[in-house]
Amino acid sequence: MVRKITLWVMLLAIVGGIVYGWMNYVVVGLWDRDSNKVTHMYVVPKPEWGTDVYYEHIDRKRFDLELAALEKKNQPVPWHMDYDYVVNQAVYDLVLDVRMKSSVD
């Protein structure tokens with residue numbers, strides 16, 4: 001009986017951790033200001049609870065077009081499109097670099 005309860009508690013703790021992470025954190029893919037061959041994937045705490053998991057802002061041209069469309073409609077910029085906010089609030093940064101090793105050195 002104790003073993004069964006322990007297994008259920010472990011399962012519920014794992015599911016609870018997954019739900020907590022899903023509701024409180026998001027992955028934001030952003031372009032790099034220095035190089036167009038470098039992309040960053042930031043894990044950022046959400047300012048409000050939500051079910052979103054991923055925001056894709058890797059293409060700088062499309063990002064600028066979306067930003068211009070929001071400004072044209074006089075709508076506020078969402079938090080995940082604020083480059084400085086995402087970079088400053090990031091918990092983890094995964095760098096995806098497709099430059100050749102000889103050009104990096």
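The values are calculated or read from the model by the stated rules, or taken from the named source; none is laboratory data. Values in this document were obtained by computation on a predicted structure and should not be read as measured data. As a convention, Cβ positions derive from the backbone with ideal geometry for all residues, glycine included, and neighbour counts pool all protein chains shown. All accessible areas refer to the heavy atoms of the entire protein, side chains included, with ligands and DNA or RNA removed. Shrake-Rupley method; radii C 1.70, N 1.55, O 1.52, S 1.80 Å.
Quick look at the numbers
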{"quantity": "Using alpha-carbon coordinates, inclination of helix 2-24 to the longest axis of the chain, degrees", "calculated": "20 degrees"}
{"quantity": "Net lengthening on full extension, ASP59/MET23 (0.36 nm per residue, minus Cα-Cα)", "calculated": "10.4 nm"}
{"quantity": "Portion, in percent, of the accessible area of region 15-102 that falls on carbon or sulfur, probe 1.4 Å", "calculated": "58 percent"}
{"quantity": "Unit charges at the beta carbon, dipole of the chain: most positive-side option, VAL98, TYR54, ILE18", "calculated": "ILE18"}
{"quantity": "Neighbour count of at most 16 Cβ within 10 Å plus DSSP loop: longest trypsin sites (Lys or Arg not before Pro)-free window in the chain", "calculated": "38-72"}
{"quantity": "Fully extended contour minus Cα-Cα distance, from ASP82 to LEU11, at 0.36 nm per residue", "calculated": "21.9 nm"}
{"quantity": "Choice from ASN24, ASN74, ASN36 showing the highest fluctuation, given a GNM over the chain with Cα pairs closer than 10 Å", "calculated": "ASN74"}
{"quantity": "Top positive-direction residue, dipole computed over region 27-100 with Cβ charges, set ASN88, VAL28, PHE63", "calculated": "PHE63"}
{"quantity": "Of VAL53, VAL15, VAL28, the one that fluctuates the most in a GNM where the chain has Cα springs shorter than 10 Å", "calculated": "VAL15"}
{"quantity": "Sites matching GluC sites (Glu not before Pro) across the chain that sit in DSSP coil, with at most 15 neighbouring C-beta atoms within 10 Å", "calculated": "GLU48"}
{"quantity": "Shape metrics for the chain, restricted to C-alpha atoms - Rg then Dmax, Å", "calculated": "18.8, 63"}
{"quantity": "GNM flexibility winner over the chain from VAL19, VAL87, VAL95 (Cα, springs under 10 Å)", "calculated": "VAL19"}
{"quantity": "Estimated dipole of region 36-97 in Debye, rounded to 20 [Cβ of Lys and Arg +1, of Asp and Glu -1, Cα centre]", "calculated": "180 debye"}
{"quantity": "Antiparallel DSSP beta bridges within the chain, percent to nearest 5", "calculated": "75 percent"}
{"quantity": "Accessible area expressed per residue, the chain, with surrounding protein chains retained (probe 1.4 Å, Å²)", "calculated": "76 Å²"}
